Amino acid sequence: GAVVSQHPSWVICKSGTSVKIECRSLDFQATTMFWYRQFPKQSLMLMATSNEGSKATYEQGVEKDKFLINHASLTLSTLTVTSAHPEDSSFYICSAVGGGISYNEQFFGPGTRLTVL
Amino acid sequence: AQSVSQHNHHVILSEAASLELGCNYSYGGTVNLFWYVQYPGQHLQLLLKYFSGDPLVKGIKGFEAEFIKSKFSFNLRKPSVQWSDTAEYFCAVNKASGTYKYIFGTGTRLKVLA
């Protein structure tokens, strides 16, 4: 149980285009989802916290208009990188927390590698 | 400020050596503690977690960790490492109640020589 998937697993796009990454909780309802960014050989940096049906809470320094987060249902959150640029290239990881599984533990998706040319 | 420190950034060991990775946190109140492993090219996997109770926690793959509240530490140990343990290890902390947000340590890159 407690499986989180991400799609796509990798994506290459041209500079200036937008890219949408999906995060799904497959076997539980995720009341809260988190989006992280991981640079090579570095730790995970929390970008935002997403609660179903409400606006995401962004961490300091993360551009809301650049990284659009939507948590439309209890099993799906999406991250859209708008007008992507090469500096947005990174590994994006989502995680989910859900009632009935564990309120304290996040379950991580496999990540999405974004390369912006 | 809340923080998690992993002092060992890179560790190189030979197979069968014992491992201890340090994790110290600065966080007010009751906390939950986690160790995750990230194998090359793979996603984060939970090794073990501490919520309450016995401060010595056993996890998967022969790993264990001890929560020492007085030292604000949650060090990860394994008595005998294998080549397949080569990976990056992350310590994480969150509040026992509240937003579930993790604070991650900077990670320790372990290389085990065959």
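Couple of notes before you dig in:
- Applying the criterion of being among the polar types (S, T, N, Q) and closer than 25 Å to residue B:42 by Cα to the residues of region A:32-70, the residue that is modelled with the highest pLDDT is A:49.
Residues are listed down the side, and each one gets a yes or a no for (1) of a type outside the set (Gly, Ala, Ser); (2) over 18 Å from residue B:92 (Cβ atoms); (3) part of a loop (DSSP other than H, G, I, E, B); (4) in contact with an Asp or Glu (Cβ under 9 Å, 6 or more places away or on another chain):
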residue	(1), (2), (3), (4)
A:40	yes, yes, yes, no
A:47	yes, no, no, yes
A:54	no, yes, yes, no
A:79	yes, yes, no, yes
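- Here residue A:63 meets the list (1) surrounded by 13 or more Cβ atoms within 10 Å (Cβ to Cβ); (2) of a type in the set (Asp, Glu); (3) out of contact with any Leu (no Cβ under 6 Å at 6 or more places or on another chain) almost entirely, failing just condition (1).
- Apart from one condition, residue B:33 fits all of (1) surrounded by fewer than 13 Cβ atoms within 10 Å (Cβ to Cβ); (2) in contact with a strand residue (DSSP E or B) (Cβ under 8 Å, 6 or more places away or on another chain); the exception is (1).
- Taking region B:1-77 and the strands (runs of 3 or more DSSP E) fully enclosed by it, the elements with 2 or more residues that are in contact (Cβ under 8 Å) with a residue 24 or more places away in the chain and either on the phi < 0 side of the Ramachandran plot or not aromatic (Phe, Trp, Tyr) (or both) are at B:3-5, B:10-14, B:19-21, B:24-26, B:31-38, B:44-50, B:64-68.
- Being within 28 Å of residue A:47 (Cα to Cα) and either more than 10 Å from every other protein chain (Cβ to nearest Cβ) or among the charged types (D, E, K, R) (or both) is a description that does not apply to residue B:84.
The values are calculated or read from the model by the stated rules, or taken from the named source; none is laboratory data. Remember, it's a predicted structure, so these values are computed and weren't measured experimentally. Cβ coordinates were reconstructed from backbone atoms using ideal geometry, including for glycine residues, and neighbour counts include every protein chain displayed.
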